[in-house]
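Derivation of every value follows stated rules applied to the coordinates shown; laboratory data play no part. If you're wondering where the values come from, they're calculated on a predicted model, not measured in any experiment.
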Amino acid sequence: MPKEKLTKRVVDRLESRDKDYILFDEDLPGLGVRVMPSDKRFYLIQYRRHGRTRRVMIGQHGPITAEIARREANRMLGAVRGGGELFINPFFGKQRVRTVASADAAELHGKYAHTPYQSNRVLGVLSKMMNLAKSGACAIDAQTLAMTSAPLPRAQA
């Protein structure tokens, strides 16, 4: 895959093609920009976890600059290399399951509102985790874990 240092100028001059493609940064392995046929550009990170390639969108070019994307990618890739997860684990840290409230889930959901698809997926994973915890060994008040956040609308491509 092609590599070039991602700067505003480089990303602005990328041309759209019939299919989307990704240009990776030559300085920070794992940081890339996806150029869509609609001429929209999205910063993302790509990494391998448990033998599978994963891609996580950082945000759309324009509202997010190349330098902001680089800083966020550096933070996210550092979390992955440290063995952590990108969203749920850092947010809750060492907080006990029985202390997680709907407001916490709504805050986590809102924190990633700039990437609605990922935000909704995170909420789904958290909901599944809480349901498994309720049915498992933890004695948890079901009202505390009610997931009341409505999914965010996804942008139409």
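Couple of notes before you dig in:
- Anchor residue 5: aspartates and glutamates whose Cα lies under 20 Å away (excluding residues fewer than 8 positions away in-chain): 15, 20, 25, 26, 27, 39, 67, 72
- Anchor residue 128: lysines whose Cα lies under 29 Å away (excluding residues fewer than 8 positions away in-chain): 94, 111
- Residues whose amide H falls under 5 Å from that of residue 58, counting only those 5 or more places apart or on a different chain, are 43, 44, 45, with hydrogens built in the peptide plane.
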